[in-house]
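Trainee: Pasting a structure here, questions to come.
The values are calculated or read from the model by the stated rules, or taken from the named source; none is laboratory data. Remember, it's a predicted structure, so these values are computed and weren't measured experimentally. Neighbour counts are summed over all protein chains in view; Cβ atoms, including those assigned to glycine, are modelled from backbone coordinates with ideal geometry.
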Amino acid sequence: MRLQAIYNIAPLCFEYGIRDVIICPGSRCAPLTLAFTRLGKFNVRVFSDERSAAFVALGIAQATQKPIVLVCTSGSAAYNFAPAVAEAFFAGVPLIVLTADRPAEWINQYDGQTIFQHEIFGKHVKQSYQLPQEYEHQDNVWNIYKTVTEAIQTSLLPKKGPVHINVPLREPLYPTKNETISFETHFQKNEVTHLQTTLSVQTKNILTEKIKSAKRILIVAAQGFPTVELKKSLASFANTVNAPILSDVISNFHGIENGIHHADTFLGNLSEDQKEKLQPDLVLSFGMSVISKQIKLFLRQKNFTHFHIGEEWPVADPFQSQPKAILTSAENFFQSFENLQTHNQNTAYLADWILLEEKAKEKTNQFFTHTEKGEFKFVSDCLRHLPENCNLHVANSMSVRYANYCGIAKNNVTIYANRGTSGIDGCTSTVVGHCLAHPEKLNVFITGDIAFFYDRNAFWHQYNLPNLRIVLLNNQGGVIFKLIDGPADLPEANDYFVAKQKYKAKYTCEENNIEYHAFDHHLPAENFLASFFAKKNTPALVEFNSDVETNRLIFEQFKKQVIHSIK
């Protein structure tokens, strides 16, 4: 059969553990579509909007920590995958992107749906591959199987990420009326041993001396999803060396002993003498991005030794500190020092951080106790009443920042945010992916109106999402441009930055069978939220309507009563 090697891509992917496939309808990709659907072993889902589909795939892969296949037709369809591919690259999420293409001789010949697709994602994939456009010669068959195998393995090697396979397909694309599609199921599997990098005796001895000689050790935990074992070994290490653990809400270390979760609240208003007392001489960091601008400013261009722990290379340098790379997992690193004995008794350094953390928590709680309105207050109420063991997703711009200021009280809530590129373009679709991956898990999504309406095609499909709860903060524009330094006072702010809009979510909910609520400010939030978060047969959305100016004034009060009051 002429397309046999292409059809066999499906069982080959199954052989390597892939179970989820997202297909965007199209004609050029018909052989791939038929392969993955007719094999009958995959969870195959169809999404018509390629941009949304790619973010849904990202959400599924993020939730399962397994690669997912993403298929589209030729032309601009592939380009619409780009935002999610970029997010997956920087967030370390494995995607297998299969883009159907015209044969090479028709590129740049005004043939329909034809663009330059080879390496279309540039540096935003771990590797780009081009399959042969003839499939019957045995050498080409071998090359196709080798390429697909290598791509899957590359997506999983540290650091995980997306790979792109461009697939030139020549017509005819569809089987004849009586033609049967069959599959080969026996492949020579090329296993790759994923080595767990361990610290050499020499490296461990050098690090031990560095740790023992340091008087002020600061641990920075950036975005990540720590295991129970990592939390335990990190807490033990931090206690041994009296180190504060500086972390944003997206680090998922809420509740850990020695945790400093409100640094963004107090760091920016401290005197130089106070900041000097908090300056470390040794920083140990791990994880991906840090939300807090204040943490970055506090650490940049300061004189300390910095080791970054992780399996990615090259090492990013967000603190301008020229970090030394420790190429192992954070879990392995801290477990390596479980029996560390040190005479580092500088408890005052840890105490200084803890004191400021407690002040920030106390004043933040007081502020929300006496504040009765505004979206910031409503976010605080939502976070305090989250159900146990749910996933919390926060969109970019103010949603993630509100959550970071409020903090999370429940230790068994896992927080997700698209902070690889920090875009708003696919936040809703990513949550949809999580809902599909684990239908038994409640997913709560806090989002602003611009991010929500931008990504309404997240609901343009046939799948029910009873485990989705959306908290929509609708202030008719991008309120962040009224809160950050720079655009707030410009005469062009409302028209060209805030970009005011008049949409309400009610009609979007009606079109997509989403239970709709407009929050009544006169109702006790906890009574409403208990009902809202309860198990339902359909997704549900609550729209908190406010205006930019009110939210600006409330945030100014927060800065005055909390941020500027901590000394």
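Trainee: Mind listing just one residue for me: the one in the stretch 417-435 that is surrounded by fewer than 24 Cβ atoms within 10 Å (Cβ to Cβ) and touching a helix residue (DSSP H, G or I) at 6+ places or on another chain (Cβ under 8 Å) and, of those, farthest from residue 288 (Cα to Cα)?
Mentor: 425
Trainee: Could you check residue 141 against (1) in a loop (DSSP other than H, G, I, E, B); (2) within 30 Å of residue 116 (Cβ to Cβ); (3) assigned by TED's automatic domain parsing to the domain that holds residue 89; (4) modelled with pLDDT under 95 and say which number it fails?
Mentor: For residue 141, the failing item is (1).
Trainee: Moving on. So, residue 125, is that one in contact with a strand residue (DSSP E or B) (Cβ under 9 Å, 6 or more places away or on another chain) and touching a residue at least 24 places away in the same chain (Cβ under 8 Å) or not? Walk me through it before giving the result.
Mentor: Numbers: in contact with a strand residue (DSSP E or B) (Cβ under 9 Å, 6 or more places away or on another chain): yes; touching a residue at least 24 places away in the same chain (Cβ under 8 Å): yes.
The answer is yes for residue 125.
Trainee: Looking only at the stretch 46-75, which residues are assigned to a strand (DSSP E or B) and either surrounded by 24 or more Cβ atoms within 10 Å (Cβ to Cβ) or among the basic types (Lys, Arg) (or both)? Please lay out each step first, then the result.
Mentor: Taking the stretch 46-75 first, the residues assigned to a strand (DSSP E or B) are 46, 68-72.
Selection gives 68, 69, 70, 71, 72.
Trainee: With the condition kept exactly as written, say whether any residue in the stretch 333-345 is farther than 30 Å from residue 201 by Cα and hydroxyl-bearing (Ser, Thr, Tyr). Write out each step before concluding.
Mentor: Quick first cut of the stretch 333-345, residues farther than 30 Å from residue 201 by Cα only: none.
Looking through the stretch 333-345, none of the residues is farther than 30 Å from residue 201 by Cα and hydroxyl-bearing (Ser, Thr, Tyr).
Trainee: Restrict the check to the stretch 354-361 and report whether at least one residue is closer than 30 Å to residue 202 by Cβ, out of contact with any helix residue (DSSP H, G or I) (no Cβ under 6 Å at 6 or more places or on another chain) and either not in a loop (DSSP other than H, G, I, E, B) or not acidic (Asp, Glu) (or both).
Mentor: Here is the first cut: in the stretch 354-361, the residues closer than 30 Å to residue 202 by Cβ are none.
Looking for residues that are closer than 30 Å to residue 202 by Cβ, out of contact with any helix residue (DSSP H, G or I) (no Cβ under 6 Å at 6 or more places or on another chain) and either not in a loop (DSSP other than H, G, I, E, B) or not acidic (Asp, Glu) (or both), one finds none in the stretch 354-361, hence no.
Trainee: Return the only residue of 78, 86 being under 23 Å from residue 428 (Cα atoms) and buried (at least 24 other Cβ atoms within 10 Å of the Cβ). Walk me through how you get there before you give the answer.
Mentor: Working: 86 fails: buried (at least 24 other Cβ atoms within 10 Å of the Cβ).
One residue alone meets the criteria, 78.
Trainee: To continue, here is another question. How about the stretch 145-193: which of its residues are under 20 Å from residue 11 (Cβ atoms), surrounded by fewer than 21 Cβ atoms within 10 Å (Cβ to Cβ), in the same structural domain as residue 81 (by TED's automatic domain parsing) and hydrophobic (A, V, I, L, M, F, W, C)?
Mentor: The answer is 156, and nothing else.
Trainee: Mind checking whether some residue in the stretch 320-329 is of a type in the set (Lys, Arg) and not in a helix (DSSP H, G or I)?
Mentor: In the first step, residues of the stretch 320-329 are kept if they are of a type in the set (Lys, Arg); the result is 324.
If we keep only those that are not in a helix (DSSP H, G or I) too, we end up with 324.
Yes - at least one qualifying residue is present in the stretch 320-329.
Trainee: Now for a separate question. Considering every residue within the stretch 88-111, establish whether at least one is more than 17 Å from residue 148 (Cβ to Cβ), touching a His at 6+ places or on another chain (Cβ under 6 Å) and touching a residue at least 12 places away in the same chain (Cβ under 8 Å).
Mentor: Narrowing the stretch 88-111 to residues more than 17 Å from residue 148 (Cβ to Cβ): 88-93, 102-111.
Remaining after also requiring touching a His at 6+ places or on another chain (Cβ under 6 Å): 89.
Then drop every residue that is not touching a residue at least 12 places away in the same chain (Cβ under 8 Å), which leaves 89.
Within the stretch 88-111, one or more residues are more than 17 Å from residue 148 (Cβ to Cβ), touching a His at 6+ places or on another chain (Cβ under 6 Å) and touching a residue at least 12 places away in the same chain (Cβ under 8 Å).
Trainee: Just for helices (runs of 4 or more DSSP H) wholly inside the stretch 215-303: which have at least 2 residues that are buried (at least 23 other Cβ atoms within 10 Å of the Cβ) and among the hydrophobic types (A, V, I, L, M, F, W, C)?
Mentor: Working: elements: 228-241, 263-266, 272-278, 293-299.
So the answer is 228-241, 263-266.
Trainee: Which of the residues spanning the stretch 23-69 are touching a strand residue (DSSP E or B) at 6+ places or on another chain (Cβ under 8 Å) and of a type in the set (Phe, Trp, Tyr)?
Mentor: Once the filter is applied, which keeps residues that are touching a strand residue (DSSP E or B) at 6+ places or on another chain (Cβ under 8 Å) and of a type in the set (Phe, Trp, Tyr), the stretch 23-69 yields 36, 42, 47.
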